[in-house]
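Presented below is the structure to which this report refers.
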Amino acid sequence: MVAMGSLSLTRSAFPAGLDRLRIGMIGCGGRCSGAAVQSMRSGPFVKLVAMYDVFADRVQQSRAALQAELPDQVEVPDEHCFSDFDGYRRVIDLSDLVLIACASKFHPMYAEAAIRAGKHVFVEKPHGIDPVGVRRMQAACDLAKEKGLSLVSGLQSRFYNGYQEAVRRIQDGQIGDVISMQAMFLRGPYRLEVRKPEHSETQYQFRNWYHFRWLSGDDVTQSLVHNIDRMAWILGEEMPQWCFGLGGRSSTFGEVYGDMFDHHTAVYEYASGPRLYAMCRTQNGCYNNSGDVILGSKGSCDLGRLEIRGQKPWRFSDERNDPYQAEQSALVEAIRSGQALNSGNHMANSTMQAVLGQVACYTGKPVAWKEIAESELQFGPEPDRVSFETPPPTVPDESGNYPLPMPGITKFL
């Protein structure tokens with residue numbers, strides 16, 4: 001298995017005579033800002049030229065921080081800072097490579113627009129928050145392949161050299177046949193945004209987007225998707241036949257937590273035999289773990305520890321790379337070499353599997369892969385029609401809490 005982060009960056013020119021790579025940011029939060037730094041660290045020829053976020057203050061804050069860190073590579077004048085809802089189009093026009101990390105509802109729409117415009121794309125996970133969005137992202141992946149454009153996923157696990165070696169050994173049979181897998185993303189609540197008096201309800205939900213289902217898709221799709229993608233990788237991209245789940249909210253109340261569950265468990269069954277037990281939680285004062293354990297007929301692999309136990313024990317001993325940097329370096333190298341890098345073989349399917357688990361937890365019902373893959377379910381309005389004037393799809397009740405799905409009662413399919 002090739003370590004994608006180890007590709008050479010020594011070429012002196014881009015295809016078609018380009019001597020620099022112009023990158024633009026769609027979303028100016030921490031994740032897109034980090035991706036921009038990693039992209040620019042791939043070489044001094046990478047220049048940040050345009051930035052967009054629906055909140056102008058986030059654009060300015062991110063620009064100032066990036067200029068302080070990489071002053072020679074940030075070339076973003078005021079006229080290239082955008083915050084109206086069409087500003088993403090101008091970032092795309094100005095860029096060769098578009099970095100997308102924002103409210104996840106919009107990931108497929110922005111990726112599609114960039115690919116149609118002939119631009120290379122990095123897009124953060126999840127790659128859709130509902131079946132309609134995931135299928136739109138898969139179509140963008142297919143279009144990128146037709147056009148010979150690079151489209152790289154923020155599911156960065158596949159660029160981590162430790163995981164690459166562990167997965168190779170599992171697929172080579174070092175723990176025998178895979179019997180079951182335990183995946184965990186257990187932590188405290190993600191960043192919480194307190195309401196400000198000047199914000200409308202829709203503006204507040206955009207500020208605190210991670211905690212609203214119509215903008216983020218909830219925590220299976222947001223966080224556990226990393227673990228789910230690793231398990232799909234181990235199983236050779238096999239998708240489950242069906243899933244059941246359980247979840248709810250037990251200790252995080254108040255408007256700042258939006259309309260998301262604070263715990264989920266999703267159980268997936270595969271035609272080849274294994275079961276995946278996947279769980280996530282966002283509660284303080286509890287046990288935290290973001291690792292995976294794969295049980296086989298001849299041993300087990302603790303993927304977090306990069307360790308195999310059983311008949312053929314092993315522990316990863318090489319120097320560990322930074323997968324976030326590795327994916328950006330691989331993307332920049334692919335653009336320079338003219339050999340497109342496309343994550344379309346896994347990014348949409350892994351996200352759809354997360355959506356499957358999320359809906360199973362919400363409804364309390366068993367959900368088949370075919371059922372979710374063909375569903376017209378869409379959380380909230382179409383992303384193309386959303387602005388701050390859009391009526392909020394959910395509002396708090398008299399207690400200040402937003403209504404939640406009720407397993408056994410709520411129907412999404």
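The values are calculated or read from the model by the stated rules, or taken from the named source; none is laboratory data. Small disclaimer: the values here were computed from a predicted structure and weren't measured. Cβ: placed from backbone, ideal geometry, glycine included. Neighbour counts: every protein chain shown.
At-a-glance table
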{"read-out": "Close pairs from segment 95-107: first within 12 Å of Ser150 (Cβ to Cβ), partner surrounded by fewer than 24 Cβ atoms within 10 Å (Cβ to Cβ) and of a type in the set (Lys, Arg), Cβ under 7 Å, at least 6 apart", "value": "Asp96/Arg22"}
{"read-out": "Failed condition for Ser343, given (1) more than 17 Å from His226 (Cα to Cα); (2) crowded, with 18+ Cβ neighbours inside 10 Å", "value": "(1)"}
{"read-out": "Any hit, segment 58-65, residues being among the hydroxyl-bearing types (Ser, Thr, Tyr) and farther than 30 Å from Glu146 by Cα", "value": "yes"}
{"read-out": "Hits in segment 305-360 (condition: under 14 Å from the mean Cα position of the chain (by Cα), of a type outside the set (S, T, N, Q) and over 14 Å from Val152 (Cα atoms))", "value": "Met352, Ala354, Val355"}
{"read-out": "Close pairs from segment 383-408: first under 29 Å from Lys365 (Cβ atoms) and in the same structural domain as Gly247 (by TED's automatic domain parsing), partner modelled with pLDDT under 95 and in a loop (DSSP other than H, G, I, E, B), Cβ under 8 Å, at least 6 apart", "value": "none"}
{"read-out": "Checklist (1) surrounded by 23 or more Cβ atoms within 10 Å (Cβ to Cβ); (2) over 16 Å from Val167 (Cβ atoms); (3) of a type outside the set (Phe, Trp, Tyr); (4) touching a helix residue (DSSP H, G or I) at 6+ places or on another chain (Cβ under 6 Å) applied to Ser350, failing item", "value": "(2)"}
{"read-out": "Failed item, numbered, when His127 is tested on (1) surrounded by fewer than 24 Cβ atoms within 10 Å (Cβ to Cβ); (2) part of a loop (DSSP other than H, G, I, E, B)", "value": "(1)"}
{"read-out": "Glu146 vs. criteria free of Cβ contacts under 8 Å to residues at least 12 places away in the same chain, among the acidic types (Asp, Glu) and over 30 Å from Glu269 (Cα atoms)", "value": "yes"}
{"read-out": "Only one of Ala330, Ala334 that is of a type in the set (A, V, I, L, M, F, W, C), part of a helix (DSSP H, G or I), touching a helix residue (DSSP H, G or I) at 6+ places or on another chain (Cβ under 6 Å) and closer than 30 Å to Leu149 by Cβ", "value": "Ala330"}
{"read-out": "Per-region count, segment 142-165, residues touching a strand residue (DSSP E or B) at 6+ places or on another chain (Cβ under 6 Å) and either crowded, with 22+ Cβ neighbours inside 10 Å or outside any helix (DSSP H, G or I) (or both)", "value": "5"}
